[in-house]
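I have placed the structure first, in the form of structure tokens, so that the comments after it can refer back to it.
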Amino acid sequence: MAAKSLPNAAKRDVTASRASELREGAPRLAYPRANRLLHRVDFDAVYREGRKRTSREFTVFLRPNGLTHSRYGWSIKKAVGTAVRRNRIRRRLREIVRLHRAEIAQGWDVVVHPRSSVAAADFAALTNELLRLLPRDKAAETSKE
């Protein structure tokens, strides 16, 4: 069905790809399945063996995973709100990680517990606060300067 709508999109001057993926040499900003914590065993290992960092909006659990990439998981309690609100929080967190993955150190399993105020908070403030809690990649920081 998507193939049928693609010619119509071309007529309307709409592209099927993101602008960030069209630039040559630009890093791909996808969020692949390999970068997600999917199994309860992985979450439990992070809680059991990892360390915990807290801020006003988040509690973050970190554990080295021995891989060349980091994996992220979200745990959002039902007390935070309805499914719509929890999904909005999840989308916002996923977008922060997707956009700033190059700045975050690789080789970690990360579980984020957001508080209910995250749903209404300013996106830029959330980004700064979450990035402050996550391990930073020193090479990426020095290359930006």
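Values computed for the structure shown
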quantity: Residue ID - modelled with the lowest pLDDT, chosen from residues in region 91-144 that are among the small types (Gly, Ala, Ser), out of contact with any Pro (no Cβ under 9 Å at 6 or more places or on another chain) and surrounded by 13 or more Cβ atoms within 10 Å (Cβ to Cβ); calculated: Ala140
quantity: Verdict on Ala79 being closer than 20 Å to Leu133 by Cα, of a type outside the set (Phe, Trp, Tyr) and in contact (Cβ under 8 Å) with a residue 12 or more places away in the chain; calculated: no
quantity: His113 vs. criteria closer than 25 Å to Arg40 by Cβ and either touching a residue at least 40 places away in the same chain (Cβ under 8 Å) or in a helix (DSSP H, G or I) (or both); calculated: yes
quantity: First in region 49-60 and within 12 Å of Ser117 (Cα to Cα), second anywhere and in a strand (DSSP E or B), Cβ under 7 Å, 6 or more apart; calculated: Glu57/Pro114; Phe58/Val112; Phe58/His113; Phe58/Pro114
quantity: Every residue from region 32-56 that is crowded, with 17+ Cβ neighbours inside 10 Å and part of a loop (DSSP other than H, G, I, E, B); calculated: Leu37, Gly50
quantity: Flag for Leu67 being exposed (fewer than 14 other Cβ atoms within 10 Å of the Cβ), more than 16 Å from Asn128 (Cα to Cα) and in contact with a Gly (Cβ under 7 Å, 6 or more places away or on another chain); calculated: yes
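The values are calculated or read from the model by the stated rules, or taken from the named source; none is laboratory data. Predicted, not measured: the structure shown is a model, and the values here were computed from it. Reconstructed Cβ throughout: ideal geometry from the backbone, glycine too, with neighbour counts over all protein chains shown.
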